[in-house]
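The structure under discussion appears below in the form of structure tokens.
The values are calculated or read from the model by the stated rules, or taken from the named source; none is laboratory data. Only a predicted model underlies this, so the values are computations on that prediction, with no experimental measurement involved. Ideal geometry is used to build each Cβ from the backbone, glycine not excepted, and the neighbour counts take in all protein chains shown. Heavy atoms of the whole protein, side chains included, go into the accessibility calculation; ligands, DNA and RNA do not. Shrake-Rupley method; radii C 1.70, N 1.55, O 1.52, S 1.80 Å.
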2 protein chains.
Amino acid sequence: MGIVVQKYGGSSVADPTAIKRVARRIVQAKKDGHDVVVAVSAMGDTTDELLDKAQAVSPLPPARELDMLLTAGERISMALVAMAISDLGFSARSFTGSQAGVITDSVHGKAKIIDVTPGRIQEAIADGHIVIVAGFQGVSQDTKEITTLGRGGTDTTAVALAAALKADVCEIYTDVDGVFTADPRIVPAARKLDTVTYEEMLELAACGAKILHLRCVEYARRYDIPIHVRSSFSQLHGTIVRGSIDDIPVLKGKSMEAAIIAGVAHDRSEAKITVVGVPDKVGEAARIFTALAEAQINLDMIVQNVSAAATNLTDISFTLPRTDGQVAMTALAGLQATIGFQTLLYDETVGKVSLIGAGMRSHPGVTAKFFAAIADAGVNLGMISTSEIRISVIVDEADVDAAVAAAHTAFDLDATEVEAVVYGGSGR
Amino acid sequence: MGIVVQKYGGSSVADPTAIKRVARRIVQAKKDGHDVVVAVSAMGDTTDELLDKAQAVSPLPPARELDMLLTAGERISMALVAMAISDLGFSARSFTGSQAGVITDSVHGKAKIIDVTPGRIQEAIADGHIVIVAGFQGVSQDTKEITTLGRGGTDTTAVALAAALKADVCEIYTDVDGVFTADPRIVPAARKLDTVTYEEMLELAACGAKILHLRCVEYARRYDIPIHVRSSFSQLHGTIVRGSIDDIPVLKGKSMEAAIIAGVAHDRSEAKITVVGVPDKVGEAARIFTALAEAQINLDMIVQNVSAAATNLTDISFTLPRTDGQVAMTALAGLQATIGFQTLLYDETVGKVSLIGAGMRSHPGVTAKFFAAIADAGVNLGMISTSEIRISVIVDEADVDAAVAAAHTAFDLDATEVEAVVYGGSGR
């Protein structure tokens, strides 16, 4: 049998008991005949504790040193996992990102993996060892400095290792049973998906599903590595992320209506800014968005109203991460004199609800059905955006749950029996 | 001005306040015009906490993984020190032992430094940075594995860096003001030595003075690196360790009697074993010491009594670290049938008192004066051993303080004013 890459997040290795459980699971995969390579995150709150220490000595620590500090977290957890495996009578070798050949660019704090040269890992596998690799970290190609990959970094480490090692599968262990048709805390009847395509998973991740990070899914798609998202607390089959929406014949049959939609995602992390009374002249919108781009702000949805004929003024609305709200408002306020808009409105009480499914490409009625379901639930739609396989709407934050539940039911996603799940977020 | 290497132990970087104080001191050396390279230990109790974690997942963790785990400790402290320096407006770069070019053999847990290739450090110095290096760790030459140097490792790291960088001096910061003529907790009138030779410092370290580890002094002696032992809590001049006993003309003058003796050391970490009633035949002693050597036990002092003519039986006594007592007794008990000795005695209530000084080579009366002083204090002598510049005696553990104080006074080492000191031990 081939190589299996497994990833365990911070909550899976939070304490010695959890580490021993993880070790037993790793050893089981080895007993099953696989060569096993494992990427681990730092234990539980370790990263936050290290950040607190940094804060205590310097309010603005240099990014290089912050990376040096934070990478100690995975070093600790990987060594402990290797020890726990050894205690079960199997041989394990831990490797830092640098030792494992995880080569990145030089952007400290959010480096991108640009190559993986897994020579030492392959040697260790050939010698019969189970290999444990520190997630979330690498070494920069040019400067040989230690880097970290930013949020979701260990998922990306795992997928990158799987690609470099030509692994059969990359198993991402988490505290939920897989990818669900909606957040089970909002929709108790949410069903676990057995499979989902890369494109759908990308849209789900981009629309607020926290289970996998965008970069990790993008990496898996590029190298065609199947991801198995599953619980570290059970033996259940989770969700397999693989294949393209173009390769799924079943979606072409009308009878498979239920499979058209992969799920309903939601996101409460965005805010909405409206620039009121912008003179409807060529270039004014460009000025606004240039200023926001220069402030390093990523916008999500953008809507410009038709200008009122009487005044020749228009309103421009857009959504952005709430964490960027203050910076964006400051940048825009600085433009008021130049552009001459009337006022700025800032609203954090919004939520985004998204319907995602490869099948909607061939089913024109999906949009109408989605809007009708939300209207029937008494929820007002704000902004709307769509992609080939996604429809997103902005609603009042208080209406998010109702909108998600209504859409879930309308597309026959509700399970007949409620599955037991534990939901939560893991850091990186 | 040239390069200064500084070493800060765990108690000097125990918390953010301590780290900031250390950063100010490092920056001061830079302001004074030196290029500064710093070796740091792990913060306070970090190493013990990591060992506890290891113990919680595996009672006998593999040495390779233990080294991987423990080296996280210095990684954390060095990054924090670099951040604190940056917060003072100076630029610092931290480097792991591996990055700093500390090349060792492959003995995990007590590796020896076999080379230092400080290319990255030299580049960083040339770029104007203050350099912070993780103490206690290196990378093995053959296997490229992360290693630790064992107790006193950070002192050794500092001296090895100083040698490789041809530094002017290696400053070892600690929680005492320097090397004293005796432990000030026992002899309040103990005086700080302004200078001491490598040989005397080696004997002091070997005889229980905890201020510097033997390996570090050996390294400094081999490469002729002056060590300045001083307090991280004051600006006082400490003790300079440098020069050979053969190079000190002052010791040749009789008038400098007081300088004949460097100090009185003591050690309460040894035990005494007596093998009673050994047949006085050729080869029996060899059998005993071969068995102990095979059990990896380092003996200190050894005495064989003259055999009693009537029985042709002799007694053999030796001292060894208390921590090895159990293993040694087991090894010896296994020989009883073969050798036919009568019984084994084990005594942990012994202490060793040593008088050290280069001047005793040319002053035959030293031994007599030392014994007389101890006798006058009402203390019985047990075993005796000597070197060219040292006399050691075993006494009852309860008599150690009295013997030390008596010898200290007899050789006119008592200060007229008691100096303020803080005494304590730092881990590595």
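Points to keep in mind about this one:
- For the protein assembly as shown: rounded, prolate or oblate by the Cα gyration tensor [a/c cutoff 1.5]: prolate
- The two copies A and B are related by a rotation, and the chain A beta carbon nearest its axis, with distance in whole angstrom, is A:Ala72, 2.
- Per-residue surface analysis assigns A:Leu88 an accessible area of about 80 Å², computed on protein heavy atoms at 1.4 Å probe radius.
- Phi-based couplings in Hz for region A:216-221 (Karplus 6.51, -1.76, 1.60; Gly and Pro marked x): 5, 5, 4, 5, 4, 5
- Pairwise Cα inverse-distance average, inverted: Kirkwood Rh of chain A (Å): 23.3
- Cα centroid of region B:33-69 to Cα centroid of region A:276-330, whole Å: 52
- Part-to-part distance (alpha-carbon centres) for region B:133-192 and region B:196-251, which is given in Å: 11
- Accessible area buried between chains A and B, both sides summed, probe 1.4 Å, in Å² to nearest 100: 3300
- Volume per residue that the Cα convex hull of region B:1-75 spans, once the total is divided by residue count, Å³: 81
- Chain B: calculated mean residue ellipticity at 222 nm from DSSP helix runs of at least 4, using -39500 (n - 2.57): -10000 deg cm²/dmol
- Under the Karplus curve 6.51 cos²θ - 1.76 cosθ + 1.60, θ = phi - 60°, whole-Hz ³J(HN,Hα) for region A:400-415, x wherever Gly or Pro sits: 4, 4, 5, 5, 4, 4, 5, 5, 4, 5, 4, 9, 6, 8, 4, 6
- Other copies of B:Gln55: label-to-label distances in nm, shortest first, labels 7 Å along the beta-carbon direction: 3.2
- Counted by Cβ distance under 10 Å from B:Ser12, the other residues give a net charge of +2, where Lys and Arg count +1 and Asp and Glu count -1.
- For B:Ala111, the residues whose modelled amide H falls within less than 5 Å of its own, excluding neighbours fewer than 5 places apart on the same chain, are B:Thr148, B:Leu149, B:Gly150.
- A:Glu145 long-range amide H proximity, modeled H, under 5 Å: A:Ser140
- Rough spin-label spacing in nm, given labels placed 7 Å along Cα→Cβ, for A:Thr17 and B:Ser362: 7.1
- Heavy-atom accessible surface of the protein assembly as shown, averaged per residue, reaches 41 Å², computed with a 1.4 Å probe.
- From phi via Karplus (6.51, -1.76, 1.60), per-residue ³J(HN,Hα) for region A:370-382 in Hz, x at Gly/Pro: 4, 5, 5, 4, 5, 4, 4, 7, x, 9, 7, 8, x
- Whole-percent carbon and sulfur share, accessible surface of the protein assembly as shown, 1.4 Å: 52
- Residues in region A:41-77 occluded by at least 50 Å² - accessible area, probe radius 1.4 Å, against chain by itself: A:Lys53, A:Val57, A:Arg64, A:Glu65, A:Met68, A:Leu69, A:Arg75, A:Ile76
- Positive-end residue of A:Val36, A:Pro61, A:Val13, charge dipole of region A:3-175 with Cβ unit charges: A:Val36
- Here B:Asp48 and A:Ala398 are evaluated by their C-beta separation; at R0 = 51 Å the FRET efficiency comes out at 0.50.
- Region B:212-342: C-alpha gyration tensor shape, a/c 1.5 cut-off, then a/b vs b/c: prolate
- Pairwise FRET efficiency - A:Arg120 versus B:Ser385, Cβ, R0 = 41 Å, nearest 0.05: 0.25
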